[in-house]
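Enquirer: Have a look at this one.
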Amino acid sequence: MTEKKAVFDFKGWIREHHNTPYEIRLENDDLIKLVTEYGEASIQFTVIEEYTIVEFSIVSNKDHSVKFYLHFELNDENHAKQLYDEMVETLIGLKEEKTLRVLLSCSAGLTTSMFADNLNSVAGMLGLDYHFDAVSYMSIYEEAEKYDVILIAPQIGYMLKRLKESITEKPVLQIPTSVFASYDALAALKFIQSELEIFRQEKSNEQAHECTHCAEYENRILSIVILISREQTRIYYRLNDKCEIIDSNLVIKPTMNIYDLYDIIDTILLKHSYIDMIGIATPGIVKDEKQLKEPTDGRTIDIKADFEDKYGIDVFVYNNANAAVVGFSLEHPEYDNIIFHSQPFGFGVGGQGIISNGKVIRGKNGIAGEIRYFIRRMQLSDDVHKLAWTQHGAVELVTKSLLPTISLIGPEAVVISSPMTPDMDEVKNVLSSFIDKEFLPEFYYIKEASSYMLSGITKLCVDFIEEE
């Protein structure tokens, strides 16, 4: 570990560094809260021997979701202040998001437009910070990410199941027929409030699928997975000791930089004293297990050399789709040829991890599985970015992306992580118009790929150690 700097009085600086948009509350000696009408930030201090770990988290009052979470060792004054300012910026930014935005949709959007006007009027009279808009069902996916709740009219109720499968992070509801037929705005508002509470409770109780299959090994490995979406960066990590998870967490930020990874490693080393190896699964092309493209400015970093020089620990860097396919193979050792296809919500171009004859196919300089180099040149019905916002378009993108790889690799299994295409029979039926059914693989749909990526990067680290 690097030499420690003298710890400054961060608590005192926070108390003096008051910003009028929020109220500072000293809950106890180790917890400070920044409170606004639209969200709350918590600053937790934990002392381990002579060192201090600081945790920042922000919870939105609107939907009780975590908007920001990170932790770091308090050993650099400028870094601590920078992270604090970033947290405060996120907290204050919630002011623009405090209104509960509800999207109504029907066949053409006309009847729901009138109902939306009625709802806006009644919500205003009741002092509720709600706003309602309406669109045709043809635009519902493209508009959905701007809203907190999706309400569909009874006449398009057949879409409810598919919408819920595709849009999992917010409530998707069908307006009760009696409420919609009578344009009963008060009943609709009560329905929304009740369903919101149910949704929040279900989310809080929801347990993500944990893929933790692994081979026996005698090392302590820190596995890190980076996932970047339109809204935020999520950095998952696990500390694995002899195939047992002894620490895990999730960092949530609007953007990321290399110091976020430093903070994770510093904190783990402080809590657990040593790591034998670090594995990092990241988006994009990874060349020679060492390069990571910095999301903030696009720089390519030799992360292996950087981290090994800083920490004196072996580092292994891999593409996250490749890590995911390895993680899936641990759960399904019966397959020697597997394709993992990721098509993130709203993205026209996905990516693939490929195993052929039991080995990951990376290609020259890590190019294997980079769909972007051919998908736009295929015979598509529309531009890839437009296709990404419709059900049929997303199926077309997924199937056209898989078609060349299936034809070349001949996999026994295809794993799809694509919120817009949860129906594997639909994908299989489209592909069967190109490839005889006897040659088609088994299809698997997964909602959350991070656990497969974590298990996969751990296994790759184990293989690397054994080869060395």
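Enquirer: Residues in the stretch 420-439: is at least one over 22 Å from ASP314 (Cα atoms), crowded, with 22+ Cβ neighbours inside 10 Å and of a type in the set (S, T, N, Q)?
Expert: Yes.
Enquirer: Give the stretch 249-274 a look and list any residue that's open to solvent by 40 Å² or more (accessible area, probe 1.4 Å) and either farther than 21 Å from ILE48 by Cβ or in contact (Cβ under 8 Å) with a residue 60 or more places away in the chain (or both), or say none.
Expert: Hits for the stretch 249-274 are ASN249, PRO254, THR255, TYR259, LYS271.
Enquirer: Only residues in the stretch 139-152 that are at pLDDT 90 or above count as the first member; pair them with residues that are assigned to a helix (DSSP H, G or I), Cβ under 6 angstrom, at least 6 apart or cross-chain, and list the lot.
Expert: ILE150/ALA144
Enquirer: Now for a separate question. What is the residue count in the stretch 1-29 for residues that are modelled with pLDDT of 90 or more and either charged (D, E, K, R) or outside any loop (DSSP other than H, G, I, E, B) (or both)?
Expert: 13
Enquirer: Can you pull out the residues in the stretch 455-468 that are open to solvent by 10 Å² or more (accessible area, probe 1.4 Å) and not in a loop (DSSP other than H, G, I, E, B)?
Expert: Listed by number, the residues that qualify are LYS459, LEU460, ASP463, PHE464, ILE465, GLU466, GLU467.
Enquirer: Still on this model: Which condition does LEU330 not pass, out of (1) in a helix (DSSP H, G or I); (2) crowded, with 22+ Cβ neighbours inside 10 Å; (3) among the aliphatic types (A, V, I, L, M), if it passes all the others?
Expert: (2)
Enquirer: Only one residue in SER407, SER417 is touching a residue at least 24 places away in the same chain (Cβ under 8 Å) and open to solvent by 50 Å² or more (accessible area, probe 1.4 Å), so which one is that?
Expert: SER407
Enquirer: When ASP436 is evaluated against the numbered criteria (1) under 22 Å from the mean Cα position of the chain (by Cα); (2) more than 30 Å from LEU250 (Cα to Cα), which criterion, by number, is the only one it fails?
Expert: That leaves (1) as the condition not met.
Enquirer: Also, I was wondering about something else. Tell me which of these LEU110 doesn't satisfy, since it passes every other one: (1) in the same structural domain as ALA144 (by the TED database); (2) open to solvent by less than 50 Å² (accessible area, probe 1.4 Å); (3) out of contact with any helix residue (DSSP H, G or I) (no Cβ under 8 Å at 6 or more places or on another chain).
Expert: Here LEU110 meets the rest and fails (2).
Enquirer: Another question, if that's okay. Check THR399 against each of (1) under 24 Å from GLU334 (Cβ atoms); (2) open to solvent by less than 10 Å² (accessible area, probe 1.4 Å); (3) polar (S, T, N, Q) and name the one condition it does not meet.
Expert: (1)
The values are calculated or read from the model by the stated rules, or taken from the named source; none is laboratory data. Treat the numbers as computed from the prediction; the structure is a model and nothing was measured. A quick note on method: Cβ atoms are made from the backbone with ideal geometry, for glycine too, and the neighbour counts reach across all protein chains shown. Ligands, DNA and RNA are excluded from the accessible area calculation, which covers all protein heavy atoms including side chains. Shrake-Rupley method; radii C 1.70, N 1.55, O 1.52, S 1.80 Å.
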